[in-house]
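The values are calculated or read from the model by the stated rules, or taken from the named source; none is laboratory data. Quick caveat: nothing in here was measured; it's all calculated off a predicted structure. Cβ placement follows ideal geometry from the backbone for every residue including glycine, while neighbour counts extend to all protein chains displayed. For accessibility, only protein heavy atoms count, side chains too; no ligands or nucleic acids. Shrake-Rupley method; radii C 1.70, N 1.55, O 1.52, S 1.80 Å.
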Amino acid sequence: MRLIKTIFLTTILVLSLSAREQVNINFSNLEINDFIKLISKVTNKNILIHNKINGTVNFVSATPVYDDELIGVLVSVLESKGFTLIQKGSLYEVIRSTEAAKHNVRVVKEGRKLYGSLMVTQSIKVKGENVDIVAAKIRYLVSKTAKLVTMKESNILLVTDYPKNIETIKQVIKDIDTNNEVIVKIIPIQHSDAKKLQTRLLNISKSIFNEKVASQKVKIILDDNTNSMIVVGSQKNVKELEELMKRLDVESNISQSVRIFELKNSDVKSVLASLNEIISKQIFSDPAMKPNVSASEEINSIIVVGEPIIIKGIKLIIDELDKEKYQVYVQARIIEINQNNSEKLGIKYGFAGGDISSSGLYAMSANFGSDSLTIGASKAVLDYLGAIGSGAKSAFALGATIDFLQMNGASKAISNPSILCVNNKESSIYVGKTISISTGETSVAGSTTASYKREDVGLTLKIKPRVSSTDKVTLDVETILENVLDYGDSTTGRQPVTSKQEVKTQAILRHGESIIIGGLVKSYDNNSKSKVPLLGDIPFIGEYLFSSTTLVVEEDNLVVILTPYIIDKSEELSQLQRDLGTVLELQKEYNINVFKKIEKRAKLNGMQKGSDLDILKLEEPEDF
């Protein structure tokens, strides 16, 4: 019992002696050196002073302060003058603040909490950020006389400063280091194309993460060897991308990434050329997104391999390019009209037949289409004229004019071809013959060899239609007429003489409307012999006295008549051909009625020649 009492009293005595004492201090304009002496006496500490420190200090205390806090007050006063206090064993020493790190200040192990008023040195480990970057960010937190050193090899900050400053720095670094701590995760790709998936993820990460914030940055690296994605970033962001990657890494639907487009109306080569030209001008953010387009001529199809959204756009283009094309069925009548015979015919019947240009033909057609002649046409023709419009009447009149010239020997048909043209595609017709033209002779060892060349002589007709609507078409027409004027003479060496006439024109026509292309003239000499009947047949005497030979210059005009018919659907072609067959039969019926009335008028004209009666106002005879 006595031992327990002794221990208790000893403990009370020790605690009493080590207890913090409170001191009342108040002074004004006290010299700093005297203040140091005062602190030394109150705290019972030995303080070594090397330099005299000028200045005074004022201290106002409303309540007592603890004696151990006076060392902190002294350090604060000294710091204001560029000095500080360090401890060397039981001795304190006043030194310049800038030299504190050189005087072996106390070193505290990493991680320990700091306390007290004197400068200490401690190392701070930086984990998730570059130590130099962290030092730049927290440098403003250290005191002006502190020392801060970075150790790149170990990513450590070495700081010599007051304990409170170092604790503040450690707390800030802890916050920064926690936010920027990154992880590395390797995520294998099972189904998708790794390159395309990387591109998608990069675009997504830019949208959901702020790259300007260091803690939000994410790196996505493709590893071709393992077909994996390496993601570097904060744990939260990496996990978010991993979840997204699992959803995107699915097997692709091959039917959506490969499409075969069978063309129904267009040529695969022309469509492929158009597609390649369009694709070559497009800019893709990822070159891997560029589609691969090829053609199969065997099945006339376009094969496209690419992303579904891109294939969808290509399909729209192919659908437009593969629309059914307009076709134009062109009927051509190529006729040769003799100038002299047509003039005689015009005089005989009172027509303007002497001018066989396009205007002359239309002037002559006006006679065959006059109401006074067509009023007696058959009911079938009249019904057809009413059904297809007023333009059909002029077409029948023009057809009757051409047939009338041919029937009376003033013209002859060279050819009546028909050609089916595709819209915006040139088509051509050639009517003529190939002849041999002597080009010279070669003599070798008494043997003579003649040389010839083959030349095409005739009419070439080129037509290129351009449909602007269902009833209007523009025709680009080129007509070339070639002929041989003189075959030359191989004996005298005279070279052949050829002629070439060419007409290029463009016309806008309605469906079923005709155009006449004239101006292609061929001239030649013709010896015409006339004689008195019976007497001109007497030998020798009749040839000299009762007959004569006249040189007549003949002119043949080549006229091309074109009539286009627009076909917007293929099935309409058969119906058009049936309609044209019907028109041909009606044309014959129309000609019969009109030609009879023309002949009757000619007879009446001959009977009443010289009278004042205008034959155009004669009353028509009874209908046939």
*asked:* Going by amide H atoms built from the backbone, whose H comes under 5 Å of the H on residue 83, apart from near neighbours?
replied: 97
*Taking residue 588 as the anchor, which lysines have their alpha carbon closer than 22 Å to its alpha carbon, excluding any fewer than eight residues away along the same chain?*
379, 393, 412, 596, 597, 600
_Low-density loop positions, GluC sites (Glu not before Pro), the range 267-307 - DSSP coil, at most 10 other Cβ in 10 Å_ = 297, 298
*Long-range amide H contacts for residue 295: which residues qualify at under 5 Å (H placed 1.01 Å from N, peptide plane, sequence gap of 5 or more or a different chain)?*
303
*Efficiency by 1/(1 + (r/R0)^6): what FRET value for residue 589 and residue 569, r their Cβ-Cβ distance, R0 = 30 Å, to the nearest 0.05?*
0.50
*Short version: ³J(HN,Hα) in whole Hz for each residue of the range 308-318, in order, from phi by Karplus 6.51 cos²θ - 1.76 cosθ + 1.60 (θ = phi - 60°), x for Gly and Pro, what are they?*
x, 5, 6, 4, 4, x, 5, 4, 4, 5, 4
*asked:* With Kirkwood's inverse mean 1/r over C-alpha pairs for Rh, give me the Rg to Rh ratio of the range 63-217, two decimals please.
replied: 1.20
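Determine the per residue accessible area of the range 133-251 with all protein chains present and a 1.4 angstrom probe, expressed in square angstrom. Spell out each step's value before the answer.
Values: 7320 Å² over 119 residues.
Averaged over the residues of the range 133-251, the accessible area is 61 Å².
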_Accessible area of residue 578 in the full protein assembly, 1.4 Å probe (Å², nearest 10)_ = 140
*Cα-based reach from residue 315 at 22 Å (exclusive), listing lysines while leaving out same-chain residues under 8 positions away*: 264, 269, 281, 290, 323, 325
*Name the lysines eligible as straight-distance cross-link partners of residue 81: C-alpha to C-alpha under 23 Å, and not fewer than 8 places from it in the same chain.*
37, 41, 45, 52, 102, 144, 147, 164
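Which value does Rg/Rh take for the range 51-112 over its C-alpha atoms, Rh per Kirkwood? Mind showing how you got there, number by number?
Details: Rg = 13.8 Å, Rh = 13.5 Å.
Dividing the radius of gyration by the Kirkwood radius yields 1.02.
Please go through the residue pairs 113/174; 425/472; 185/236; 137/239; 88/125 and name each one whose alpha carbons sit more than 23 Å apart in this structure.
Details: 113/174 14 Å; 425/472 17 Å; 185/236 12 Å; 137/239 29 Å; 88/125 28 Å.
Checking Cα-Cα distances, 137/239; 88/125 exceed 23 Å.
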